[in-house]
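Have a look at the structure below, then the notes.
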Amino acid sequence: MTPKRKSELPRTEANSLQRGLAMLEMLSQCPEGATLRQISSQLDLPSASALRLARTLVDVGYLSREEHRKRYFLTNRFLRLGQPSAPSRGLSECVIAAMRSIRQATGETTQLCCLTDVEMVIIEQLLSIHPFKYSADLGARCPCYSCAPGKAIIAFLPEAEREATINRIAFKPFTATTITTRRAFRDELAAIRQQGYALDRAEGMEGIHCVAAPILDRYGVAVAAITIAGPASRVREDEFEVLGSLLKEGARQASLEFNR
C-alpha cells in the first residue's frame, strides 16, 4: 500500500476545489451572471452542491449574488488576482504619499476607504490641520450610498458587479439630501463615471461635505478611494469642481503607484 503524500488533498476537497474553479471559469464568460439552475446545468452539478459552492465563494468574496434576479456574478476580487504581486507594499503604503499631498493642499481630513459588501470602511486617515475637524476611527463603517468614497468605488466597478451591489442596498434617509432610490443612485453613478470624482453633499451627516476619487487597478476597476471630509463651511459647493480635480489627480498618482 502506497502511503498518501502530505501535500495531497483528500479526494472530496480536491473535487470541491475543481468544481469551485470550474464555477469561476464559467462565470468569467457570463457578464450577465447566471442563476443557480444555469450553473448546475452547465457544470453538471447537483443543485445542492452548486448552492453550497456558490455560497462559499460569496462568503470569501469571489462571487456576489443579486437578490432580485437570483443571479451570481464574479466580483472585482477575482479580477485582482491578475495584479502584479508586491508583498512588501500594501495598499496604504502605495497611497500615503498622495494622501499627504491632498491633505497639504486642502487642509482637510484625508482618508483611504475600501468597499466591504455595501459598506464603506476607513483603512487609513490623515487628520485635518484645522482645530475643528472631521475624524473617524480606523475600521469605522458607513453605508456606501451616502458617502463620496462609496459612490466613487461603486461607479467604477464592472457593470454586473455594480448592479448586484446596487440591488443589495437597503436605501434609507439620513439627511434631507440622502439618495434614497436606485434610479437616483444609478444617475449619480453615471455622472461620477463621466466626471471622475464623487461628492457627498451632507448626505450621511448634517454639515459634512466629502469629495472622493477612485483608485483603479490596471483593468480600470476601483479597488479603493481617497476622500477628503470636512465642514460644509470649508468644503464648499462652489469649490467642488476644483477639489474634484485635485482628488482625481491624487488618485491617479496612487493608482500608478499601486499598479507598478
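Coordinate-derived values only; no laboratory data. Computed from a predicted structure; not experimentally measured. FYI the Cβ positions are ideal-geometry reconstructions off the backbone, even for glycines, and counts take in every protein chain you see.
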Exercise for review: Could you calculate the contour length gain from Arg69 to Glu206, that is, 0.36 nm times the residue separation minus the distance between their Cα atoms, to one decimal place in nm?
Suggested key: 45.8 nm
Check your understanding: When the chain is modelled as a GNM with alpha-carbon springs shorter than 10 Å, which of Ser49, Ser101, Ser128 fluctuates the most?
Key -> Ser49
Review point. Which chymotrypsin sites (Phe, Trp or Tyr not before Pro) does the range 82-163 hold that lie in a coil by DSSP with at most 12 other beta carbons within 10 Å?
Key: Phe132
Review point. What's the Cα-based Rg to Rh of the range 91-258, Rh via Kirkwood?
Key: 0.93
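Please report how many Lys pairs in the chain have alpha carbons closer than 27 angstrom, counting only residues at least 8 apart along the chain or sitting on separate chains.
Eligible lysine pairs with Cα atoms under 27 Å apart amount to 7.
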Review point. Once both labels are modelled 7 Å past Cα along the beta-carbon direction, what's the Arg100-Arg37 spacing in nm?
Key: 5.8
**Study point:** Using alpha-carbon coordinates, inclination of helix 240-258 to the longest axis of the chain, degrees
**Key:** 40
Review point. Residues in the range 124-149 near a label at Asp187, defined as backbone nitrogen under 19 Å from the 7 Å Cα→Cβ point?
Key: 145-148
Review point. Roughly what percent of Cα-Cα pairs across the range 38-78 reach past 11 Å?
Key: 64
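Taking every eigenvalue of the Cα gyration tensor of the range 11-74, multiplying by 5 and rooting it, what semi-axes result, largest first, whole Å?
Sorted largest first and rounded, they come to 18, 12, 11 Å.
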Practice item. Treating the angle as unsigned and between 0 and 90°, give the value, to the nearest 10°, between the Cα long axis of helix 182-195 and the longest Cα principal axis of the chain. Key: 70
Point to revise | Net dipole in debye of the range 91-258 [+1 Lys, Arg Cβ; -1 Asp, Glu Cβ; about Cα centre; nearest 20] | key: 120
Review point. Taking N as the number of residues in the range 110-208, what is its Cα Rg relative to 2.2 N^0.38 Å?
Key: 1.06
Review point. Over the range 150-204, what number does the Rg to Rh ratio reach, with both radii from the alpha-carbon atoms and Rh per Kirkwood?
Key: 0.94
Check your understanding: Under a point-charge model restricted to the Cβ atoms of Lys and Arg (+1) and Asp and Glu (-1), what is the dipole moment magnitude of the range 11-74 relative to its Cα centre, in debye to the nearest 20?
Key -> 180
Exercise for review: Choose one answer from Leu112, Leu247, Leu138: the residue with the largest mean-square fluctuation in a GNM of the chain with alpha-carbon springs under 10 Å.
Suggested key: Leu138
Check your understanding: If you take the charge dipole of the range 91-258 about its Cα centre, with +1 on Lys and Arg Cβ and -1 on Asp and Glu Cβ, which of Ala212, Leu243, Cys147 is farthest toward its positive end?
Key -> Cys147
Exercise for review: Return the loop-located trypsin sites (Lys or Arg not before Pro) in the range 178-214 (DSSP other than H, G, I, E, B) with at most 10 other Cβ atoms within 10 Å of their own Cβ; answer none if there are none.
Suggested key: none
